[in-house]
Amino acid sequence: MGMPSRELAGHPQLQVRTFRPTPEQYAWTFGGVEPVHSLRPGEIVELYTEDCFAGRIRGIEDLPAHSIEFPFINPQTGPFFVEGAEPGDTLAIHLIDVAPARDWAVSTSVSLFGSLTSTRITASLQDPLPERTWLYQVDDQEVVFQALDSKFEARFPLQPFHGTIGVAPAAFEARNVLVPDAFGGNMDSPEMRAGTTIYLGVNVPGGLFSLGDGHYTMGEGETCGAAVEGAMNTVLTVELVKGTYCEWPRFESDEAIMVAGSSRPLEDAFRIAHAQVVRWVADGLGLSLMDAYQLVSQAARSRIANVVDPNYTIVAKVPKRFLPKDVTWMGGTHERLRQTAREYLAAVQRVPIWVIG
């Protein structure tokens, strides 16, 4: 399961591995899949992820019903076995760089999928909305929307992130890659961008994390069921937080601490995310549960990640500007990983515009 490792010139402490999966190596579930490679904590991985359509939709004539086949949607790169990871630990996965691998991307409407149409779960007697495909042109700063039924154009800033990152679930489960839950998965949060550390509780030896579903930009909620979907070149590093288990995915950036809750109905996702972040704040600041509840109630700037997946996702976000500056969340893991990221970017002489800080 090894990948060739190299040192960066002048930075012998940075061990870098590169992985580009072949089509047969993609994972279609979290859990139930053998790892493609093993990693040591602290190593850096440069990897490629295909878009959620497995690269099969490439123009406006390619409609989902004729181009993709369930369950072969949302291919994941991985899973990776992290040496030393045991149930009860937490993986800290830091996204160093998340960059488009193409100068184009696509979005679609899909039959019986999306927030504003009948679905198999929310059934009605109405006909499903028609399937359409939109092609976006992409450069290093913008993605360009072109209407299908007129000459209207709109430009959005390039804001690349991964919609999906997760570990193997507990209790021997294998979950479809479209599902977000306590193990992470298809959370569709724009917070999963370069500069963010994602904390995922380890349920099986090695953790077995994988990622995919690159988005070049997306409105909150992913209303139509698809973002501006594209392949990604991603650089990440992973560490272990031994003896600490995150029940639900935690995120940390330079600006905020966050928890993702996923469930249906949407208010239960909201409750999960906020209950978890209240407990995290109480533990981190040494506050009573009720004081932390009050603090989070006023400080939270919470985002709707998706209202389309088998579970919906809310991210409860507490900006660090409202919190003491001397607190080391998760034992200071994010700060250490950010330093690794800075050293890597300096060594390769690249500081992407979307890296914050």
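Only one of Glu220, Glu142, Glu173, Glu153 is without any contact (Cβ under 8 Å) to a residue 40 or more places away in the chain, farther than 21 Å from Glu50 by Cα and not hydrophobic (A, V, I, L, M, F, W, C); which?
Glu153
What residue, of Leu95, Leu112, Leu125, is free of Cβ contacts under 8 Å to residues at least 24 places away in the same chain and either farther than 17 Å from Phe53 by Cα or aromatic (Phe, Trp, Tyr) (or both)?
Leu125
Looking at Gln137, is it surrounded by fewer than 15 Cβ atoms within 10 Å (Cβ to Cβ) and modelled with pLDDT under 95?
Against the criterion (surrounded by fewer than 15 Cβ atoms within 10 Å (Cβ to Cβ) and modelled with pLDDT under 95), Gln137 does not qualify.
Any idea which residue in the range 9-21 is farthest from Leu345 (Cα to Cα), counting only those that are within 21 Å of the chain's Cα centre (by Cα) and either open to solvent by 40 Å² or more (accessible area, probe 1.4 Å) or in contact (Cβ under 8 Å) with a residue 60 or more places away in the chain (or both)?
Result: Arg20.
Please enumerate the residues belonging to the range 276-317 that are among the small types (Gly, Ala, Ser), in contact with a helix residue (DSSP H, G or I) (Cβ under 9 Å, 6 or more places away or on another chain) and open to solvent by 40 Å² or more (accessible area, probe 1.4 Å).
Ser288, Ser297, Ser302
Name the residues in the range 318-328 that are assigned to a helix (DSSP H, G or I) and open to solvent by 60 Å² or more (accessible area, probe 1.4 Å), would you?
Answer for the range 318-328, where residues must be assigned to a helix (DSSP H, G or I) and open to solvent by 60 Å² or more (accessible area, probe 1.4 Å): Arg321, Phe322.
Pick from the range 225-273 the residues that are assigned to a helix (DSSP H, G or I) and touching a strand residue (DSSP E or B) at 6+ places or on another chain (Cβ under 6 Å): which of them is farthest from Pro205 (Cα to Cα)?
Leu266
Within the range 182-199, how many residues turn out to be out of contact with any Gly (no Cβ under 8 Å at 6 or more places or on another chain), over 14 Å from Ala227 (Cα atoms) and open to solvent by 10 Å² or more (accessible area, probe 1.4 Å)?
1
Do we find a residue being touching a residue at least 40 places away in the same chain (Cβ under 8 Å), in contact with a helix residue (DSSP H, G or I) (Cβ under 8 Å, 6 or more places away or on another chain) and assigned to a helix (DSSP H, G or I) anywhere in the range 329-338?
Looking for residues that are touching a residue at least 40 places away in the same chain (Cβ under 8 Å), in contact with a helix residue (DSSP H, G or I) (Cβ under 8 Å, 6 or more places away or on another chain) and assigned to a helix (DSSP H, G or I), one finds at least one in the range 329-338, hence yes.
Test each condition in (1) surrounded by 14 or more Cβ atoms within 10 Å (Cβ to Cβ); (2) on the phi > 0 side of the Ramachandran plot; (3) not β-branched (Val, Ile, Thr) for Gly88 and report the one that comes out false.
(1)
Conditions (1) modelled with pLDDT under 95; (2) charged (D, E, K, R), marked per residue:
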residue: Arg102; (1), (2): no, yes
residue: Ile121; (1), (2): yes, no
residue: Gln126; (1), (2): yes, no
residue: Arg155; (1), (2): no, yes
residue: Ala168; (1), (2): no, no
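Just one of Pro41, Pro64 is under 22 Å from Thr133 (Cβ atoms) and either of a type outside the set (A, V, I, L, M) or open to solvent by less than 20 Å² (accessible area, probe 1.4 Å) (or both); which is it?
Pro64
Please find, within the range 200-220, the residue that is most open to solvent (accessible area, probe 1.4 Å) out of those that are within 18 Å of Ala154 (Cβ to Cβ) and assigned to a strand (DSSP E or B).
It comes out as Thr217.
What do you reckon, is Phe156 among the aromatic types (Phe, Trp, Tyr), open to solvent by 60 Å² or more (accessible area, probe 1.4 Å) and closer than 25 Å to Val315 by Cβ?
Taking the combined requirement at face value, the residue satisfies it.
Of (1) among the polar types (S, T, N, Q); (2) within 29 Å of Leu200 (Cβ to Cβ); (3) more than 23 Å from the chain's Cα centre (by Cα), Thr164 satisfies all except one. Which?
Condition not satisfied by Thr164: (3).
Conditions (1) of a type in the set (Gly, Ala, Ser); (2) open to solvent by 10 Å² or more (accessible area, probe 1.4 Å); (3) modelled with pLDDT under 95, marked per residue:
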| residue | (1), (2), (3) |
| --- | --- |
| Glu239 | no, yes, no |
| Lys242 | no, yes, no |
| Tyr245 | no, yes, no |
| Trp248 | no, yes, no |
| Phe251 | no, no, no |
| Ala256 | yes, no, no |
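The values are calculated or read from the model by the stated rules, or taken from the named source; none is laboratory data. Quick caveat, the model's predicted, so the values are computed rather than measured. Quick reminder, even Gly has a Cβ in these numbers, built from the backbone with ideal geometry, and neighbours come from all protein chains shown. For accessibility, only protein heavy atoms count, side chains too; no ligands or nucleic acids. Shrake-Rupley method; radii C 1.70, N 1.55, O 1.52, S 1.80 Å.
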